[in-house]
Amino acid sequence: MAKVKEINLEYGSPIADTAVRNMISQLGTCKGQGYKAVILIHGYGSSGLGGGIKTAVKSKLRESSLSGIVRSHCGGESWYERKRELLVLCPALSDYQRKIDGNYGVTVVILK
């Protein structure tokens, strides 16, 4: 069965750049270890508009520099619309649906 890993990018209250560097490193490690999906916990920010880590993570995931690692990604706020597609790619995510669905503080990443 495909493996799923949770990574808390908020741990230690890093600045956004540090959190993004940690994410890149961890995604590469997870791919090498055979994980199929990663749930990034980045928080939503105290402003209610989305925090700096979330914004930086989403921006970085869209960059072509990660195209060799990242197949797809989806924020928890979009999970309901995309879950069928993502569950086909990684059925093990079904065990995490309650944690993901509607959660603006997480992003699901499907690895290549």
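Would the stretch 27-40 turn up any residue that is among the hydroxyl-bearing types (Ser, Thr, Tyr), closer than 15 Å to Lys5 by Cβ and exposed (fewer than 12 other Cβ atoms within 10 Å of the Cβ)? Before the answer, list the steps.
First, the residues of the stretch 27-40 that are among the hydroxyl-bearing types (Ser, Thr, Tyr): 29, 35.
Now drop any that are not closer than 15 Å to Lys5 by Cβ, which leaves 29, 35.
Those left that are additionally exposed (fewer than 12 other Cβ atoms within 10 Å of the Cβ): none.
Taking every residue of the stretch 27-40 in turn, none turns out to be among the hydroxyl-bearing types (Ser, Thr, Tyr), closer than 15 Å to Lys5 by Cβ and exposed (fewer than 12 other Cβ atoms within 10 Å of the Cβ).
For the stretch 77-112, name all the residues that are of a type in the set (Gly, Ala, Ser) and at pLDDT 95 or above.
Selection gives Ser78, Ala92, Ser94.
Give the residue that is nearest to Ser94 (Cα to Cα), with candidates limited to residues of the stretch 14-55 that are of a type in the set (A, V, I, L, M, F, W, C) and at pLDDT below 95.
Of the residues in the stretch 14-55, the ones of a type in the set (A, V, I, L, M, F, W, C) are 15-16, 19-20, 23-24, 27, 30, 37-41, 49, 53.
Pick out the ones that are also at pLDDT below 95 and you get 15-16, 49, 53.
Details: Ile15: 31, Ala16: 29, Leu49: 28, Ile53: 26 Å.
For the stretch 14-55, the residue satisfying everything is Ile53.
Please verify whether the stretch 41-58 includes one or more residues that are over 23 Å from Asp101 (Cα atoms) and surrounded by fewer than 15 Cβ atoms within 10 Å (Cβ to Cβ).
Among the residues of the stretch 41-58, not one is over 23 Å from Asp101 (Cα atoms) and surrounded by fewer than 15 Cβ atoms within 10 Å (Cβ to Cβ), which makes the answer no.
The values are calculated or read from the model by the stated rules, or taken from the named source; none is laboratory data. Just so it is clear, the structure is predicted and the values come from calculations on it, not from any experiment. In this analysis, Cβ positions are derived from the backbone assuming ideal geometry, glycine residues included, and neighbour counts consider all displayed protein chains.
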